[in-house]
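What follows is a single structure, written as C-alpha cells, with notes after it.
The values are calculated or read from the model by the stated rules, or taken from the named source; none is laboratory data. Quick caveat: nothing in here was measured; it's all calculated off a predicted structure. We place every Cβ from the backbone using ideal geometry, glycine too, and count neighbours over all the protein chains shown. Each accessible area value is taken on the protein alone, full model and side chains, heavy atoms only, with ligands, DNA and RNA left out. Shrake-Rupley method; radii C 1.70, N 1.55, O 1.52, S 1.80 Å.
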Amino acid sequence: MVRPSSSAWTASATSTRFTAGSRYEVQLYAFDILAMGGEDLRPLPLHRRKANLQQLLVRRPDGISLAPFERGEIGPDLFRAAYRMGLEDLVSKHRDKPYSRGRQKHWIKIKNRSHPAMNREL
C-alpha cells in the first residue's frame, strides 16, 4: 500500500513512478503466503497459510503488517472501517479453502465506489 502525502491509501499507487522530491509513506500488508522454504502452501486451507505467515513475520520490521484474520458477521462494520481509512476494496475468503488462482466463488471482493481508483481510465 502506498499513500502519497495527504491522500488515501491505495494499492494502485504502487504502480505510480516515484519521482525525485515526491513523498510517499509505504506500508506492506501481508495477507497470504503461497510458498515458504521451498514448500508449496497453496493446497493448505487459508487459516493454515495465515498461521505460516504469522510465524514467518514474528520479528518483522516496521512497515510490514500482518493483515488480521477476522471471523464472524463483521462484514458491514469492516467495510465501513475500510471506507473511513480510504481503502480501495476488501476481499473476503473462506478460511477452509486452499488457494486457487483466478476468481473463485468463495472469494468476495467489495469495492469502495468513492475511491479515486474507481474513476481511473486504463
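Per-structure values
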item	result
Lone qualifier among Gly38, Gly86 - being at pLDDT 85 or above, at positive phi and of a type in the set (Gly, Ala, Ser)	Gly38
Sole residue being in contact (Cβ under 8 Å) with a residue 40 or more places away in the chain and not polar (S, T, N, Q), chosen from Pro61, Pro76, Pro68, Pro98	Pro98
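Residues are listed down the side, and each one gets a yes or a no for (1) in a loop (DSSP other than H, G, I, E, B); (2) open to solvent by 80 Å² or more (accessible area, probe 1.4 Å); (3) modelled with pLDDT of 90 or more:
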residue	(1), (2), (3)
Arg3	no, no, no
Ser6	yes, yes, no
Phe18	yes, yes, no
Tyr29	no, yes, no
Arg49	no, no, yes
Arg59	yes, yes, no
Arg80	no, yes, no
